[in-house]
Each structure stands twice: as C-alpha cells, then as structure tokens.
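The values are calculated or read from the model by the stated rules, or taken from the named source; none is laboratory data. Note that the coordinates shown come from a computational prediction; the quantities given were computed from them, not determined experimentally. As a convention, Cβ positions derive from the backbone with ideal geometry for all residues, glycine included, and neighbour counts pool all protein chains shown. For accessibility, only protein heavy atoms count, side chains too; no ligands or nucleic acids. Shrake-Rupley method; radii C 1.70, N 1.55, O 1.52, S 1.80 Å.
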Amino acid sequence: MKYYSTNKQAPDATLEEAVVKGLAADKGLFMPREIKPLPSSFYDEIENLSFQEMAYRVADAFFGEDVPADTLKQIVYDTLSFDVPAVKVKENIYSLELFHGPTLAFKDVGGRFMARLLSYFIRKEGKQQVNVLVATSGDTGSAVANGFLGVKGIHVYVLYPKGKVSEIQEKQFTTLGQNITAIEVDGTFDDCQALVKNAFMDKELNAHMQLTSANSINVARFLPQAFYYFYAYAQLKKLGKADNLVVCVPSGNFGNITAGLFGKRMGLPVRRFIAANNRNDIFYQYLQTGEYRPRPSVATIANAMDVGDPSNFARILALYDNSHAAISAEISGATYTDAQIRETVKKTYVETGYLLDPHGACGYRALEEGLKPGETGVFLETAHPAKFLQTVEEIIGNKVAIPEKLQAFMKGTKQSVPMTKDFASFKAYLMEQ
Ligand SMILES: *Cc1c(COP(=O)(O)O)cnc(C)c1O
C-alpha cells in the first residue's frame, strides 16, 4: 500500500516510511491510497467472530500487502489482549469501554500496535536503535511508554510539562525504567511539543540518532483504532440493536473519530457519527459555518480534548474531498462547558449508577440530546474515570474505586530528567545519549 501526503507536495511513501517518519516531508499527514471495503460475507457473520479475529481482517485490508500474515496476526492479537465491552447505560445508549488496557485509556490500542509494528520493521531491516520522541499532556505518554516498554531496539523519551499532569498520569510513565526516559519540562505542553518539533528539524541531531514520532499523526497509531468500531457494531448486532447505529466520539485531535470514518468507508453500517467537543469546539464551529478557524486551546476538565487546531482535521478533509456538505452529511457536532460536563457525570451517576469520565460524559450527553427515534447510540468511553480521580470524586461527592492496574503504577518511584524549555539544552542532552 502506498501512502500519500494530505499536502500533496511529497512523494508517496511505503508503510515502513510512513511509520518511521510519522509526518510527510511537506508536513502533511499520511493517508492510505486505498480504503478497501470488506465483503458482505464478513458483515453477515461479524457477530460470530472474536474481537481479535475481526480486527485482523481489518488490519489485513490496510497492512496485509506490507506485513507477512503470521506477523500481522501476532501484532493484532498481542495488541488486543484486553476486552472492549459495549455496556448498556440506559435504553438505546451504550458505552464502548475502551479503558480495560494497561493504562486505562483508548490510546493503548494505537500505542501497542505501533510499538509492535515499528519493532517488526527494525528487526527486518537490522536497523540501529530507533528513538521515539513523544510530547504528552497526560494520556498519550503513558500509552506510548507502556506500549513500547521492553521492546528491543527502541528507546522512548516522554516529554511532559512539570506540574501540569495528574499524579496518576505522571506515575504511568515516570516509574517504568528500562527503555523509557521521562523528561520533565519546566514549561507547558506546547513547549514540550515545540522541543519535539525542533528535534525533528535539527540536522545534526538527526545525523546523531534516528528519531521518530509517536503522536496520533502516525498511521500506525491511528488506523488500528478502527478495530473497535467493528467490535462495537458486532456486539450491538448480537443484541439486535445494530440497525440505525449512531456512534459518538469525544474528540480532541480527531484521530479516534477519523479511524471510525475509515471503518464506515470499509462498509461498516454506521448510520452517522457525532463528534463531541468540550469548549474547544473548533470542529463544531466548522460544521456550523463551513469555516475552519483554529484558536489557542483553553483548559477544561476534559483535558485530553483541549486542542485548538486538531491535527487530524486534514485527514477528514482528504476523506471527504474538502466538501463541507459531505462532511456534514455524515458527522454532526456537539459542544459542552465544564458545568455541563459536571452536571452530566453527576446526573448519569445518580440516575443510572454508571460513572462517566469527563470525556465520555461529552459523548453520552451528545447522544442523549441528539438521538432520533429508532436510533441506537454508542459513545466511546475513552478513559477510566479513576484517571481523573479528584475531578470525578468532587463531582459525585463520593470515593471512586481505583482499579488494581492503576494502583500498581502509583506504588512505583518517580524517575525523570529535569529540562528547561530551551531547545539547546534538550539537544545537548540528546547528543550525549
Ligand atoms: C486523547 C483522548 C481523547 C481525544 O482523542 P482524539 O483522537 O485526539 O480525538 C479523548 N479522551 C481521552 C480520555 C483521551 O485520552
């Protein structure tokens, strides 16, 4: 499969180039040249397949030409070593719980898949060590670090803003050791991202070490997210609820929902999508006005969606040929303030007993407000509520049980390298490695 750049100023890339480089030379995002529909026989029997079996069929459509079948199967099966259940919250609304992986957020799927695919390419080419740089505002760092933990030939540097991630999130990437180094930057998330971008542009540094990015622009991170949309459909089909299915995705950088849109292109019978935003509602405004106006992000309690210029918007435009009408026909939007998010977490907890996290709350509310008669809704519950412990406990006025997996992280000892936000010092540090 060839991958083109959304900016159309760079030559097509192979899968390996797209995964190792992350971003095209013209700074565009890689898109597969083809999106192959799956045969109707696949959809006819989908509810009889295991999650791993159906995910392998989806993976094969994208990666089958470039990765041997047994290797690809192994990668898919290893990645999805946890369940993604669709849980009923109330009549016609289901939560697709994406938080049963090692770091309790959906980013585990893409992080684990990318780590394994990159490791395959390194073994195949007998490459030198590859160094993964990742800037995080919280969840990405832990999913990527845990996905790559112990993988031979790869070293991961996680850059995070000092004092700006929750204690639990910090522990998830500062206590691992081995091939994971946490870098605590005295600055903001934007400063971390700038350090990473500068590192990729620095000739001397790139001659010294092979660098790659693991942010959601990477095709190996975002495409595998399509897997669980198929599994959601299969679970609802089993219940006789899959006709007129509406999928609602709490969105920040729009990688997650874009993977769902790819699924629909492959024939997955989803009637329509809803993108739920917090106050950073650039996409919602685009749907209303037809104009895309990025703006600086504002901090909210659904912080993983605090994005002012969603990077995957370029992929959505490419998928729909830049047509606002075509995009609006398949995707609608919603936007919620912190007060509305709080109200939704509280009300849902009291009325149904289901505890939403602040991101999932946006998704649930958009379905409650937007479902039409005869439709069934499933929203993506993108992280476990205990990852936002203080916020959620404050809202419900009650203790939240912390899953064992999270408790295990909290027992570790933090180890990190202090860094200023000045590129020269970051570069000097990397040149010594
Ligand atoms: C990353 C993240 C999101 C946003 O996903 P995108 O793919 O960036 O749209 C939503 N919720 C949680 C909990 C996340 O970690």
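Segment 160-234 has equivalent-ellipsoid semi-axes of 27, 20, 13 Å, by the square roots of 5 times the alpha carbon gyration tensor eigenvalues, sorted largest first. Taking a point 7 Å from the Cα of residue 352 along the Cα-to-Cβ direction, the residues of segment 375-397 with backbone N closer than 15 Å to it are 375-383, 385.
Peptide packing for 307-314, 119-126 was compared via the average number of neighbouring C-beta atoms within 10 Å per residue; ordered from the highest value, the list is 307-314, 119-126. Volume of the convex hull of segment 357-415 (Cα atoms only), normalised per residue: 113 Å³.
When the inverse distances between all different Cα atoms of the chain are averaged and flipped, the Kirkwood radius reads 21.8 angstrom.
Protein heavy-atom surface of the chain, 1.4 angstrom probe: 48% of the accessible area is carbon and sulfur, with nucleic acids and ligands not counted. Simple point charges give the picture: +1 on the Cβ of Lys and Arg, -1 on the Cβ of Asp and Glu, and for the chain a dipole about the Cα centre of about 160 debye. As a rough guide to protection, the peptides 42-54, 146-158, 249-261 ranked by mean Cβ packing within 10 Å, highest first, stand as 249-261, 146-158, 42-54. Each Cα pair under 8 Å and six or more residues apart adds its sequence gap; the mean of these over the residue count of segment 1-135 is a relative contact order of 16 percent.
Per residue, the solvent-accessible area of the chain (1.4 Å probe, heavy atoms of protein chains only, all protein chains present) comes to 39 Å². Pair-distance distribution P(r) for segment 190-343, from all Cα-Cα distances in 10 Å bins starting at 0: 10, 34, 33, 17, 5, 1 percent. Using the empirical formula 2.2 N^0.38 Å as the baseline, the Cα radius of gyration of segment 298-429 reaches a ratio of 1.38.
Each peptide among 359-367, 164-172 gets the average number of other Cβ atoms lying within 10 Å of its residues, and from highest to lowest they stand as 359-367, 164-172.
Here are some pairs, 73/124; 241/347; 107/152; 264/405; 8/36; which of them have Cα atoms lying more than 23 Å apart in this structure? From 73/124; 241/347; 107/152; 264/405; 8/36, over 23 Å: 241/347; 264/405. Rounded to the nearest 20, the size of the Cβ-charge dipole of segment 288-395 about its Cα centre is 100 debye, with Lys and Arg at +1 and Asp and Glu at -1. Derived value for segment 1-134: Kirkwood hydrodynamic radius 16.9 Å. Basis is the mean of 1/r over every pair of different alpha-carbon atoms. As a length-normalised measure over Cα pairs under 8 Å and 6 or more apart, the relative contact order of the chain settles at 19 percent.
Of all DSSP bridge pairs formed entirely within the chain, close to 20 percent run antiparallel. Estimated from helical segments only, the mean residue ellipticity of the chain at 222 nm is -13000 deg cm²/dmol, where each DSSP H run of four or more residues counts as -39500 (n - 2.57).
Working from label points 7 Å from Cα in the Cα-to-Cβ sense, the residue 343 to residue 411 distance is 4.3 nm.
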